[in-house]
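Right, one structure below, let's go through it.
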Amino acid sequence: MDIAETRKRLNNLLFRLLKWRMQNVSNKNFLMLVSIVVGFICGLAAVILKISVQGIQNYLQYEVDFPYHTTLYIVFPLIGILLTVIFVKRFLKKGLGRGLSPILYDIARNRSKVPSHKSWSHLSTSAITAGFGGSAGLEAPIVVTGSAIGSNIGLLLRMNYSERTLLLGCGAAAGISAVFNCPIAGVIFALEVLLEGFSVSSFIPLLLSSATAAVISGIFYTDQLFYLITTEWTVSRLPFYTILGIMCGLISAYMTRTTLRIEERFNKSTNTYKKALFGGLSLGALIFLLPPLYGEGYSTIQELLNGNYPHLLRNSLMENIKVSWYLLAGFGVVIVIMKVVAASLTIASGGNGGIFAPSLFTGGILGFSFSNTVNQINWINLPVSNFIAAGMAGILSGVVHAPLTAIFLIAEITGGYSLFVPLMIVSATSYFISRLFEPYSVYTTKLAKQGIWSQQNRDASVLASMQLKTYVRPNIEWIHPDMSLGQMVALVTHSPRDLFPVVEENGILIGLVKVEDLREILFKTELYEHTLVRTFMKIAEPVALMDESMQNIVEKFEASGANELPVTENGLFRGFVAKSDILAGYRNHLIRQTKELS
């Protein structure tokens, strides 16, 4: 039996299954069943990822027999980045697409259709990168993996945009839940970051998927991320939590800007291996100077939670120096500043990972450095473990712009449920301060600049889902700049249009001619032979670009008062777009989205 015949039989089987489902199972019940399946698969995917990373790390730590084994820890991240680059170039011709920005793009512009390869490619590449000590987290890759699994199951089962988007969110929630063993935070993350505008009824499938993933993860992977004994919070310490929140907000804005700037600089280079070598070597140099930057850094946070503060200096050049509080404070500040650089180098140079774990690590170090310093100068006695946990929530809230996710995530992974009020204060303050400097999160800033993502109003969200190419009117009659007035009149006499593009032979748009502007010379036949179009045409301004956001195009219509705009692509004339077509498309998109999300 050949592949085509097998595929045909599978399609027939699927068709019969879907037909039976439509006759016997309601959409609501079917969606809940599918959400459990998504949670089960995503839970297994998360377990595979965690076991793979742990296996690689254990092998490099205990099995590699080399005289300079410790020194190799500086080289391991470079090896991981290079292996990831080779994997991507060998198996993924269209590229990997790192972080959550591509998923948000798929929701806004691709009707929640995530490429199928992302259901396995991010598992493989992030396992390699993190296993070899890349300074990034596993959370973004597992969220992308879960989103791809949910999206593609929805496509396979012929579900509509709304149901497919919800399953995408179920996969993301399941990924967070399984990695951190925090089902509530997984649900909140999906609603807060991915599923803006969904109704309360979406909670049930999300809860089922997230809980299922947590159960699967708990069965096959019993290790806990953090062990924390917290103390009760007191009112007298609340001002210090507020100060920590302000610091977290400022650091969050710095992390977002640094991440995007480093990524932009690396994107200017087209030599993949050159970027990998430069980024890997730079990362190795940072790890040599600041060993806690190796890997995710969770082990360092756990040691600090245990009260083993000198561990922060382990394997560094200052390990043998007498430990003092100001040495720890200074070293901690440097780590806070450089962790985002290390994470950005890891990802931008070709590795795969996310900013989630670096945010938690940075927040933990910031909380430790702040509280330990306050304790040493005898202002007040602050519980260091509480401030480590609060700092983690603060940075995560500020970088991802998800304060609720940060609160519940830290409460669940640390067991610090008694810290809800401090977590709320630090997360809310950080979120507020961060948004003063960065209106969008690290995931949505690039999309917002392209006009693809907006949190400001529903109009912008609807416009973000529209693409210009759908509304371009091609096959417009155009005139050459060296035509005479008489030739132009002969060409446009029988045309219903009154606006014509002036286009050179190579297709470049150079101007516009509006017939009503030529009334003074149109009937002067003595000018027909010697007057050229280029002498009376007007500069084409404004022009709609084919890859431009619809939000920008609408603004150009409003500013110019025009009813039509010429459309170009790389300078080449492609047609006109009418304001009436944009308005009609907006109305249709708004009606469809309202129905699908209701």
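The values are calculated or read from the model by the stated rules, or taken from the named source; none is laboratory data. The shown structure was predicted, so the numbers you read here are calculated from the model rather than taken from an experiment. Note that each Cβ is placed from the backbone with ideal geometry, even for glycine, and that neighbours are counted across all protein chains shown.
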Determine if region 530-543 includes at least one residue that is modelled with pLDDT under 80, more than 22 Å from L491 (Cβ to Cβ) and in the same structural domain as A490 (by TED's automatic domain parsing).
no
Quick check on my filter: what residues within region 531-551 are touching a Leu at 6+ places or on another chain (Cβ under 7 Å) and of a type in the set (K, R)?
K538
Considering region 537-566, residues that are touching a residue at least 24 places away in the same chain (Cβ under 8 Å) and part of a helix (DSSP H, G or I), and then whichever is farthest from W478 (Cα to Cα), we arrive at Q551
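Take region 244-272 and flag every residue that is hydroxyl-bearing (S, T, Y), at pLDDT 90 or above and over 14 Å from I337 (Cα atoms). First the steps, then the outcome.
So in region 244-272, the residues hydroxyl-bearing (S, T, Y) come out as 252, 254, 256, 258-259, 269-270, 272.
If we keep only those that are at pLDDT 90 or above as well, we get 252, 254, 256, 258-259.
Selection gives nothing.
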Show the residue pairs that are 6+ apart or on different chains and have beta-carbon atoms under 8 Å apart, the first residue being within region 314-341 and assigned by TED's automatic domain parsing to the domain that holds T258 and farther than 20 Å from F370 by Cβ, the second being exposed (fewer than 13 other Cβ atoms within 10 Å of the Cβ) and of a type in the set (V, I, T).
N315/T70
Looking at region 124-141, can you tell me whether even one residue there is among the polar types (S, T, N, Q) and closer than 30 Å to R16 by Cβ?
no
Of the residues that sit in region 169-195 and are β-branched (V, I, T) and closer than 13 Å to S147 by Cβ, which one is surrounded by the most Cβ atoms within 10 Å (Cβ to Cβ)?
I176
Among the candidates S162, S126, S135, single out the residue that is modelled with pLDDT of 90 or more and either buried (at least 24 other Cβ atoms within 10 Å of the Cβ) or touching an Asp or Glu at 6+ places or on another chain (Cβ under 8 Å) (or both).
S126
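Only one residue in L277, L283 is under 20 Å from F76 (Cβ atoms), in contact (Cβ under 8 Å) with a residue 40 or more places away in the chain and touching a Pro at 6+ places or on another chain (Cβ under 6 Å). Which one?
Details: L277 fails: touching a Pro at 6+ places or on another chain (Cβ under 6 Å).
Criteria check complete, one pass: L283.
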Only one of S430, S371, S441, S454 that is part of a loop (DSSP other than H, G, I, E, B), surrounded by 24 or more Cβ atoms within 10 Å (Cβ to Cβ) and either at pLDDT 90 or above or not assigned by TED's automatic domain parsing to the domain that holds Y105 (or both):
S441
Output the residue which, of all residues in region 567-598 that are farther than 22 Å from L499 by Cβ and either among the basic types (K, R) or assigned to a strand (DSSP E or B) (or both), is modelled with the highest pLDDT.
R587
Give region 487-521 a look and list any residue that's over 23 Å from N563 (Cα atoms) and in contact with a Ser or Thr (Cβ under 8 Å, 6 or more places away or on another chain), or say none.
I521
Please go through region 35-61 and give me each residue that is of a type in the set (A, V, I, L, M) and over 15 Å from G154 (Cβ atoms), ordered by number.
L44, A45, A46, V47, I48, L49, I51, V53, I56, L60
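Scan region 86-103 residue by residue and report those that are assigned to a helix (DSSP H, G or I) and crowded, with 23+ Cβ neighbours inside 10 Å.
Here is the first cut: in region 86-103, the ones assigned to a helix (DSSP H, G or I) are 86-91, 101-103.
Once the filter is applied, which keeps residues that are assigned to a helix (DSSP H, G or I) and crowded, with 23+ Cβ neighbours inside 10 Å, region 86-103 yields only I103.
With farther than 26 Å from L545 by Cβ, of a type in the set (D, E, K, R) and in contact with a helix residue (DSSP H, G or I) (Cβ under 7 Å, 6 or more places away or on another chain) as the only criterion, which of E516, E520, E529 stands out?
Exactly one of E516, E520, E529 is farther than 26 Å from L545 by Cβ, of a type in the set (D, E, K, R) and in contact with a helix residue (DSSP H, G or I) (Cβ under 7 Å, 6 or more places away or on another chain), namely E529.
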Taking the residues in region 51-81 that are modelled with pLDDT of 85 or more and buried (at least 20 other Cβ atoms within 10 Å of the Cβ) as candidates, determine which candidate is farthest from the chain's Cα centre (by Cα).
F76
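Specify the residue that is modelled with the lowest pLDDT; the eligible residues are those in region 457-485 that are part of a helix (DSSP H, G or I) and of a type in the set (V, I, T).
Step by step, filter region 457-485, then rank; the result is V462.
Kindly establish whether P496 is over 21 Å from L572 (Cα atoms), of a type outside the set (G, A, S) and surrounded by fewer than 16 Cβ atoms within 10 Å (Cβ to Cβ). So that I can check it myself, show each step before the final result.
Details: over 21 Å from L572 (Cα atoms): yes; of a type outside the set (G, A, S): yes; surrounded by fewer than 16 Cβ atoms within 10 Å (Cβ to Cβ): yes.
For P496, the condition - over 21 Å from L572 (Cα atoms), of a type outside the set (G, A, S) and surrounded by fewer than 16 Cβ atoms within 10 Å (Cβ to Cβ) - is met.
Do the conditions hold for L168, that is, is it closer than 15 Å to C42 by Cα and touching a Gly at 6+ places or on another chain (Cβ under 7 Å)? Explain how you work it out, then say what you get.
Values: closer than 15 Å to C42 by Cα: yes; touching a Gly at 6+ places or on another chain (Cβ under 7 Å): yes.
For L168, the condition - closer than 15 Å to C42 by Cα and touching a Gly at 6+ places or on another chain (Cβ under 7 Å) - is met.
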So G197 passes all but one of these: (1) in contact with a Gly (Cβ under 8 Å, 6 or more places away or on another chain); (2) assigned by TED's automatic domain parsing to the domain that holds G150; (3) at pLDDT below 85. Which condition number does it fail?
(1)
Quick one: which residue in S147, S112 is part of a loop (DSSP other than H, G, I, E, B), of a type in the set (S, T, Y) and over 21 Å from S344 (Cβ atoms)?
S112
